[in-house]
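Working notes, beginning with the structure itself.
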Amino acid sequence: MNEYVLGVDLGTSAVKVSAMNRDGEIVAQQSFDYPLIQSHPGYSEQNPEDWVSGTTVAIVRLILDDHIKPEEISGISFSGQMHGLVLLDANNQVLRPAILWNDTRTSKQCREIEDKLGSEFVDITKNKPLEGFTLPKMLWVKENEPDIWSQAKTFLLPKDYVRYRMTGKLGMDYSDATGTVLLDVKDGKWSQTICDAFDIPMSMCPPLMKSIDSAGNVTSSYAVFSGLDTHTKVFGGAADNAAGAVGAGILSPNMVLSSIGTSGVVLKYEEDPTVDYHGVLQFEDHAIPDSYYSMGVTLAAGYSLNWFKRTFASDESFDDMVASAADSGVGANGLLYTPYIVGERAPHADADIRGSFTGVDGTHKKSDFVRAVLEGIIFSFKDIMDIYDENDKQFDTVVAIGGGAKSPLWLQIQADIFNKKVVSLTNEQGPGMGAAMIAAVGLGWFKNFQECAEKFVHFGKTYLPNPDNAKKYDQLHKIYAQVYEQTKGISQQLLAYRRENN
Ligand SMILES: Nc1ncnc2c1ncn2[C@@H]1O[C@H](COP(=O)(O)OP(=O)(O)O)[C@@H](O)[C@H]1O
Ligand SMILES: O=C(CO)[C@@H](O)[C@H](O)COP(=O)(O)O
């Protein structure tokens, strides 16, 4: 009999479910898209029911179209978009749409957190209060939707809600719990100090578990809904970036992850839990027990490209549009793009900054704009790499994952801008692979993630930097790095105008 694990990657643009066998081969994959709800500038929400139905449709298709037998699915685990607030009432019914990681409405609440707890907050959570995190979202609901808040009995993160619907059990794993900024990272417990300071009942915080812990089996009602069997074990899972790091084989400090999903992430495995990036980078519990990682997040990486395609190239395929950047050249003929189109998180934590094209010339073609978008996103990753350099963190390999890693041209641009070796995976779905690996380790197929990675993680092509291009990009990055400060004031004035006139 075959035996499979399912890795559910609950992304922002879609859910992707991969079925893997014990040899680490992807035997089938299905995905299902869902929309973002952006009703005001800075707002970003999704309907949790869309996650559940999308995941279920993908599983049904694996069973019906790909002929994966339910009795052969031994385990399921998750990689989830981080930080999104799902509020449940006393009957575990969803109270309002989930407020997502890229929603920046909570600047006021972030200042309140800073004013009240100051550096104690960073000491406890290892992070600064930023708009994307879960606690500021809870405070926003408390202040702006008191009727909803008064009914709220539990909060969850996106993948935890899907897991709850599969198993009937509430819970959250440590890697995602760090991103709520309600966790005392050193003690591995929900922080009484933070809950007390903001009058959040500790009872709202779900039970904590490790990524590889079993959360229970598929319930009989979810088995009827999805076609799964009730013998299938469901494991905690991890934050998408923790799962992506596992799926990309980032299990030691000499490798760095570069992920282009809707967001963009540069991530480093951290051996030392006392490392301090002063909150400029995020610091999180890993999916690997008793391990940590740091990361810097570009809010609109793949989202920038999606926006450009939707707005200016809706009749082209992603592949064709991205490939057209080859008709331009290094530096897009002097056109620069900054990807701050929904605000930014790292290295500039600024919800009000907005994106720009600088240097637009009458001779520029669409291909120059596409190239500028691709390069601008990677320049923002380079800003984060530079923080690692400044902190004397050595690494020699960058592993690229996410939808953006489908493009060989973009992978080469990464190698040239980072001036480092960039390695792709044979399948760009690092987070889904990581989710499947969590289930495989949870089931005891492997002793640990290292052993599992030897079977599951397969590196694809290597992209080496071209020295001439790297030199030009170094020069261009220095120009790019000035745009933030020089457009900050203008962005604030324009945002004020939009808020007054919307
Ligand atoms: N052919 C392609 N070449 C380069 N980038 C692509 C391609 N197709 C999609 N993308 C980018 O990949 C992103 C989606 O990546 P994915 O990892 O699936 O995101 P998420 O996990 O946030 O749902 C899109 O936002 C898009 O910009
Ligand atoms: O906010 C963060 C990390 O802190 C994002 O990385 C989200 O976790 C969403 O990821 P994608 O949908 O882009 O994979």
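Mind checking whether some residue in the stretch 445-468 is under 27 Å from the mean Cα position of the chain (by Cα), crowded, with 17+ Cβ neighbours inside 10 Å and closer than 20 Å to P347 by Cβ? Scanning the stretch 445-468 turns up no residue that is under 27 Å from the mean Cα position of the chain (by Cα), crowded, with 17+ Cβ neighbours inside 10 Å and closer than 20 Å to P347 by Cβ. Candidates in the stretch 419-444 are the residues that are closer than 30 Å to N217 by Cβ and of a type in the set (V, I, T); of these, the one that is most open to solvent (accessible area, probe 1.4 Å) is V441.
Within the stretch 157-175, can one find any residue that is over 30 Å from V224 (Cβ atoms), open to solvent by 10 Å² or more (accessible area, probe 1.4 Å) and either within 20 Å of the chain's Cα centre (by Cα) or assigned by TED's automatic domain parsing to the domain that holds V8 (or both)? The answer is yes, given that some residue of the stretch 157-175 is over 30 Å from V224 (Cβ atoms), open to solvent by 10 Å² or more (accessible area, probe 1.4 Å) and either within 20 Å of the chain's Cα centre (by Cα) or assigned by TED's automatic domain parsing to the domain that holds V8 (or both). Residues in the stretch 28-72 that are part of a strand (DSSP E or B) and more than 18 Å from P431 (Cβ to Cβ): I37, E45.
When restricted to residues that are in contact (Cβ under 8 Å) with a residue 24 or more places away in the chain, outside any helix (DSSP H, G or I) and either among the polar types (S, T, N, Q) or surrounded by 21 or more Cβ atoms within 10 Å (Cβ to Cβ) (or both), the stretch 293-315 contains 9. Taking the criterion of being under 27 Å from D386 (Cα atoms), of a type in the set (D, E) and assigned to a helix (DSSP H, G or I), the only residue of the stretch 316-374 that qualifies is D368. Would you check if Q81 is buried (at least 18 other Cβ atoms within 10 Å of the Cβ) and in contact with a Lys or Arg (Cβ under 7 Å, 6 or more places away or on another chain)? For Q81, the condition - buried (at least 18 other Cβ atoms within 10 Å of the Cβ) and in contact with a Lys or Arg (Cβ under 7 Å, 6 or more places away or on another chain) - is not met. Could you please find all residues in the stretch 409-418 being more than 9 Å from ligand 1 (Cβ to nearest atom) and open to solvent by 20 Å² or more (accessible area, probe 1.4 Å)? Within the stretch 409-418, Q412 is the sole residue that qualifies. Applying the condition of being part of a loop (DSSP other than H, G, I, E, B) and within 16 Å of ligand 1 (Cβ to nearest atom) to the stretch 88-135 and asking which residue is surrounded by the fewest Cβ atoms within 10 Å (Cβ to Cβ) yields L100.
For the stretch 302-345, the set of residues classified as in contact with a helix residue (DSSP H, G or I) (Cβ under 7 Å, 6 or more places away or on another chain), at pLDDT 95 or above and within 21 Å of S259 (Cβ to Cβ) consists of G302, S304, L305, F308, K309, M321, V322, A325, Y337, T338, P339, I341, listed by residue number. Residues that are surrounded by 16 or more Cβ atoms within 10 Å (Cβ to Cβ), more than 30 Å from A496 (Cα to Cα) and not polar (S, T, N, Q) within the stretch 28-55 comprise A28, F32, Y34, P48, D50, W51, V52, G54, listed in sequence order. Residues in the stretch 259-272: is at least one of a type in the set (S, T, Y), surrounded by 24 or more Cβ atoms within 10 Å (Cβ to Cβ), within 15 Å of ligand 1 (Cβ to nearest atom) and assigned to a loop (DSSP other than H, G, I, E, B)? Among the residues of the stretch 259-272, at least one is of a type in the set (S, T, Y), surrounded by 24 or more Cβ atoms within 10 Å (Cβ to Cβ), within 15 Å of ligand 1 (Cβ to nearest atom) and assigned to a loop (DSSP other than H, G, I, E, B), which makes the answer yes.
Within the stretch 82-110, residues that are over 14 Å from S39 (Cα atoms) sit with their Cβ atoms under 8 Å from residues that are within 16 Å of ligand 1 (Cβ to nearest atom) and open to solvent by 30 Å² or more (accessible area, probe 1.4 Å), at 6+ positions apart or across chains, in these pairs: M82/D240. Taking the condition in contact (Cβ under 8 Å) with a residue 40 or more places away in the chain, β-branched (V, I, T), surrounded by 14 or more Cβ atoms within 10 Å (Cβ to Cβ) and over 22 Å from K382 (Cβ atoms), does I479 pass? Judged against the criteria, I479 is not a match. Of all residues in the stretch 13-22, exactly one satisfies the criterion of being assigned to a loop (DSSP other than H, G, I, E, B) and at pLDDT 95 or above, namely R22.
Condition check ((1) among the acidic types (D, E); (2) out of contact with any Leu (no Cβ under 7 Å at 6 or more places or on another chain); (3) at pLDDT 95 or above; (4) not in a helix (DSSP H, G or I)) across all residues:
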{"position": "G216", "(1), (2), (3), (4)": "no, yes, yes, yes"}
{"position": "T230", "(1), (2), (3), (4)": "no, yes, yes, yes"}
{"position": "A243", "(1), (2), (3), (4)": "no, yes, yes, no"}
{"position": "V246", "(1), (2), (3), (4)": "no, yes, yes, no"}
{"position": "P253", "(1), (2), (3), (4)": "no, yes, no, yes"}
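What are the residues in the stretch 239-263 that are within 15 Å of ligand 2 (Cβ to nearest atom) and over 17 Å from L425 (Cβ atoms), if any? Result: A239, T262, S263.
Filtering the stretch 422-447 to residues that are closer than 19 Å to G237 by Cβ, in a loop (DSSP other than H, G, I, E, B) and either away from ligand 1 (no atom under 16 Å from the Cβ) or of a type in the set (V, I, T) (or both) leaves L443, G444, W445, F446.
The set of residues from the stretch 402-461 being in contact with a Lys or Arg (Cβ under 8 Å, 6 or more places away or on another chain), farther than 16 Å from S18 by Cβ and without any contact (Cβ under 8 Å) to a residue 40 or more places away in the chain comprises S424, F446.
The values are calculated or read from the model by the stated rules, or taken from the named source; none is laboratory data. This is a predicted model, so every value here is computed, not measured. Backbone-built Cβ (ideal geometry, glycine too); neighbour counts: all protein chains shown. These area figures cover heavy atoms from the full protein model, side chains too; ligands, DNA and RNA do not enter into them. Shrake-Rupley method; radii C 1.70, N 1.55, O 1.52, S 1.80 Å.
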